[in-house]
1. Each label point is 7 Å from the Cα along the Cα-to-Cβ direction; what then is the distance between the points at E134 and F95, in nm?
2. Identify, among L10, V113, T129, the residue whose Cα sits farthest towards the positive end of the charge dipole of the chain, taking +1 on the Cβ of Lys and Arg and -1 on the Cβ of Asp and Glu, with the dipole about the Cα centre.
3. Indicate the gyration tensor shape class of the range 69-148 (rounded, prolate or oblate), computed on the Cα atoms with a ≥ b ≥ c the square roots of the eigenvalues: a/c under 1.5 is rounded; otherwise a/b larger than b/c is prolate and the rest oblate.
4. Once you have the Cα-Cα distance between I106 and Q40, take 0.36 nm times their residue separation minus that, and quote the gain in nm to one decimal.
5. Pull the list of the chain cysteines that no other Cys approaches to under 4.7 Å, Cβ to Cβ.
6. Between their Cα atoms, which of K82/K114; K30/K87; K50/K137 are more than 22 Å away from each other?
7. Hey, could you grab the Kirkwood Rh for the chain? Inverse mean 1/r over distinct alpha carbon pairs, Å, one decimal.
8. Find out how many positive minus negative residues lie around A91, taking Lys and Arg as positive, Asp and Glu as negative, among other residues whose Cβ is under 14 Å from that of A91.
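The values are calculated or read from the model by the stated rules, or taken from the named source; none is laboratory data. As the structure is a prediction and not an experimental result, all values here were calculated from the model. Positions of Cβ are backbone-derived with ideal geometry, glycine not excepted, and every protein chain shown enters the neighbour counts. Quick note on the areas: whole protein, heavy atoms, side chains included, nothing else; ligands and nucleic acids left out. Shrake-Rupley method; radii C 1.70, N 1.55, O 1.52, S 1.80 Å.
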Amino acid sequence: MNKTTFTEDLENNQLIAVRTFDAPVEKVWKAWSDPDILCQWWAPQPYVCKIDKMDFREGGYWIYSMTGPEGDVHRGRMDYLKIEPHKRLEAEDYFVDKDGNASTGIPPMQMSVKFDSNGSSTTVTSITTFASAEALKQMSEMGMAEGWELACNQLEALLV
């Protein structure tokens, strides 16, 4: 199984994650853009993902929830800013309350995800930029890298 490489770029308030998947770019892209596939890997187990709405296009958005085994619910929204099929996507990702309002206690994140085709494999580079070093530290302490690794492992299993 592949592992994700994480780098904290404190100068630019970024968390950079790089992972190579043993699948062609079209299949990896579909796992990010098809709501039926996306929700199978996005929430790290034992959490379960549910999509409230997904409009995968520039200017569109995705509202989802992740429910844990104890019934705790975490809601998020991703606003799609730029989409280049099979190449990259850029989005703003943030936690929301049950009414869809942005949470004030958890900082929003800017995501830039690049998909590089290597023939039969695909390298995904995700750069998450935070408003400040404190926001990056807060998300790191919340286990963002560990959750991302679990989600990538689930994605890898789906791509087989």
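1. 1.6 nm
2. V113
3. prolate
4. Details: separation 66, 0.36 × 66 = 23.76 nm, distance 2.43 nm.
In short, 21.3 nm is gained.
5. C152
6. Pairs exceeding 22 Å: K50/K137.
7. Radius from the Kirkwood sum: 16.0 Å.
8. -2
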